Every structure is written in C-alpha cells, then in structure tokens.
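Everything on this sheet refers to the single structure shown next.
Values quoted throughout were computed directly from the atomic coordinates according to the rules given, and no laboratory measurement underlies them. Values in this document were obtained by computation on a predicted structure and should not be read as measured data. FYI the Cβ positions are ideal-geometry reconstructions off the backbone, even for glycines, and counts take in every protein chain you see.
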Amino acid sequence: MTGPGQKRVLFICVHNSARSQMAEALLKDMAGEKFEVTSAGLEPGSLNPPAVQAMAEMGIDISGKKTKSAQALAESGEPFDFVITVCDESQAEQCPFFPGPAQRRHWSLPDPSALAGTEEEKIRAAIAIRDRIKARVEEFIKEVG
C-alpha cells in the first residue's frame, strides 16, 4: 500500500532477474520512505546469481525475491508514477512497454545474464553494473524524491 506522499515506481526489463531487481532493492534501501517500488519483466525467469552476490556484497539480500510478470501487473491496472526500463540499448526491441500514464525513463544497462567469464569475473562485472544502477538511483532520488 502506498503511504502518504509516496511515488509509485516500476522498474522493468526482459527477465526481472537482475537489473530491475537490483534497481528495486537499491531504491527501497536508499529512499523506501519516499517511494513504493516494484519490478517486473517481460519474460520472468530466475534470479541471476552474480546479481544476487553483487547485492549481498553491499548488505542487501535479494536471494528470496520472486520474479514478476509485467503482463500481470499491466492487467491488474495498477497505476505507477514512474516506469523505468533498464534494458541494454542492444536489446531495445525486447525492452517491454508498460501501458498507463506514468512518466517514462530508460536507463541503458548491460544484462548480467549475458556476462561471460569465470564466476568471479561475472560477479565483478555484476558489481560494476550494480554500481551504475546505484548512481542512477541516486540521481533519480535527487531529481524526483
């Protein structure tokens, strides 16, 4: 339930397995009193282990989060003040559209599920993506929070 003065934010990407989950968790952690936040994906999958590890390294546990369907959210008619897509520009054709009157933003971010290398290299790359998301979330809070 949205509290008094809270803005509703939806982060959306293809699978709801990494970028949108990290953005949701970071915004909740940094300004949860100002925002009601959720995330969803076009094709919900399972959480990305390097993304889970990247968040755990900063003390935020997303390991128990479930992926959610953008389609189900759209069908529920829930209104959002902001819909922020977090797909990579190279996946622009796959990046979901969410209906409704929300203000729309796009943050082009690489997909952690596409990372190659050893497990340690994937985690380091996921941490770099997490840090980019954190910087965007900080900007967003300053702008609209």
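The table for this structure:
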| item | result |
| --- | --- |
| Ellipticity estimate at 222 nm from DSSP helix runs (n ≥ 4, -39,500 (n - 2.57)) divided over the chain, nearest 500 | -12000 deg cm²/dmol |
| Residues PHE82, PHE140, sorted so that the one with the fewest Cβ neighbours within 10 Å comes first | PHE82, PHE140 |
| Net lengthening on full extension, ARG8/ARG104 (0.36 nm per residue, minus Cα-Cα) | 33.3 nm |
| At R0 = 25 Å, FRET efficiency that the Cβ-Cβ distance of ASP29 and SER76 yields, to 0.05 | 0.50 |
| About the Cα centre, charge dipole magnitude for the chain (Lys/Arg +1, Asp/Glu -1 at Cβ), debye | 260 debye |
| ARG136, ARG130 arranged by Cβ crowding within 10 Å, fewest neighbours leading | ARG136, ARG130 |
| Selected from THR118, PRO101, PRO44, residue furthest toward positive end of dipole (the chain; charges at beta carbon) | PRO101 |
| Packing-based ranking, highest mean first, of 44-51, 5-12, 17-24 given that Cβ atoms within 10 Å are counted | 17-24, 5-12, 44-51 |
